[in-house]
1. Could you check the stretch 37-67 and list, in sequence order, the residues that are surrounded by 11 or more Cβ atoms within 10 Å (Cβ to Cβ), at pLDDT below 85 and within 19 Å of L227 (Cα to Cα)?
2. Return the residues of the stretch 234-261 that are without any contact (Cβ under 8 Å) to a residue 40 or more places away in the chain and either of a type in the set (F, W, Y) or not in a helix (DSSP H, G or I) (or both); say none if nothing qualifies.
3. Is it fair to say D157 is in a loop (DSSP other than H, G, I, E, B), over 16 Å from the mean Cα position of the chain (by Cα) and farther than 18 Å from I243 by Cα?
4. Return yes or no: is D150 open to solvent by 10 Å² or more (accessible area, probe 1.4 Å) and at pLDDT 95 or above?
5. Residue check: is A171 small (G, A, S), at pLDDT 90 or above and open to solvent by 50 Å² or more (accessible area, probe 1.4 Å)?
6. On the basis of being modelled with pLDDT of 95 or more and open to solvent by 10 Å² or more (accessible area, probe 1.4 Å), does S124 make the cut?
7. Take I117 and tell me if it is more than 21 Å from D224 (Cβ to Cβ) and at pLDDT below 85.
Amino acid sequence: MNYSSVTKPAKILNLESLNDLNERLYLVKDHDNDYFDTKSADAKRTENNAERFVFNLQTSNINIQPSVRLVNCLNRNSKRYNQFQCFVVEPIDKSTGIAVIMVKLDDPKVFYCNVRIMPLTTLSDIAVPDYDSKLLTVNLEKSKCILKADITITPSDTGEAQYSVHDVDVAAISDLATQEETIALKRELEFQASKLIAHYFQEILSIVVNETPPPGKSLIIPDDYILTLPPHQLKEMLSASTIAACVALEITGYNVLKEINRDWKAASAFINYLL
């Protein structure tokens with residue numbers, strides 16, 4: 001059995017909590033003017049723009065300000081990933097190298113965190129701003145290459161969250177890497193990256209699992225769910241997603257991209273600033 005798929009404690013002892021880290025971050029919310037629907041003549045569709053926001057996580061270093069957007073994602077058949085809350089993260093503005101974090105709660109209290117890493121892609125490459133949806137829609141199949149790692153987090157009988165890793169795939173970048181680099185990248189995503197991501201997402205598990213479905217119905221979390229959260233919980237969701245994305249981008253850049261594309265170093269700078 002692959003050790004990465006074995007269930008392990010998600011919490012890392014002596015590592016700062018999201019609450020601690022968020023004291024060093026300032027969250028700024030703006031209308032997402034870069035990705036408004038400007039093509040449609042339908043007034044009802046252009047009203048979607050009112051729901052499109054970009055969040056910046058500002059630090060004391062003006063050069064370290066990653067941005068995160070709540071988005072809808074399309075797969076290869078142009079069908080939506082339903083019931084996922086999806087976040088696209090740019091470590092710097094107009095970055096070449098982005099990541100999408102897709103999270104979903106399933107019964108009984110199983111939390112999925114799927115990481116999609118696009119190290120050679122910009123947000124404008126995959127954005128579909130004129131798609132008829134309140135949130136910005138992105139088509140993942142437009143990416144130049146996609147790496148992935150899927151993490152499952154579950155509460156345990158003792159109350160401590162557990163996590164496991166499955167379906168780590170880095171084959172899409174093999175043309176740019178030696179076999180040794182590809183193996184190292186996969187191993188780091190399976191172990192170091194996933195452990196850090198699980199640590200921070202197990203903290204927001206308590207936000208989502210406390211949601212209760214209507215009597216006799218399953219829990220369906222709406223697309224704009226996080227926008228309805230209290231400010232401190234919104235910040236935790238966004239910062240956890242940004243940390244996850246930047247960890248994944250940093251590891252991909254360090255192991256494979258190196259000098260091919262240096263934008264991954266902005267992700268590294270954010271992680272070094274926090275951790």
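1. E47, N48, N49, E51
2. Passing the criteria: Y254, K258, E259.
3. yes
4. yes
5. yes
6. So S124 passes the test.
7. Answer is no for this residue.
Residue-by-condition table, conditions (1) assigned to a loop (DSSP other than H, G, I, E, B); (2) buried (at least 19 other Cβ atoms within 10 Å of the Cβ); (3) in contact with a Phe, Trp or Tyr (Cβ under 6 Å, 6 or more places away or on another chain); (4) modelled with pLDDT of 90 or more:
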residue	(1), (2), (3), (4)
I183	no, no, no, yes
E190	no, yes, no, yes
A193	no, yes, no, yes
L196	no, yes, no, yes
S206	no, no, no, no
P213	yes, no, no, no
G216	yes, no, no, no
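The values are calculated or read from the model by the stated rules, or taken from the named source; none is laboratory data. Because the structure is predicted, anything quoted here is derived from the model rather than measured. Glycine gets a Cβ as well: all are built from the backbone with ideal geometry, and neighbour counts include every protein chain shown. Surface accessibility is based on the protein's heavy atoms, side chains included, excluding ligands, DNA and RNA. Shrake-Rupley method; radii C 1.70, N 1.55, O 1.52, S 1.80 Å.
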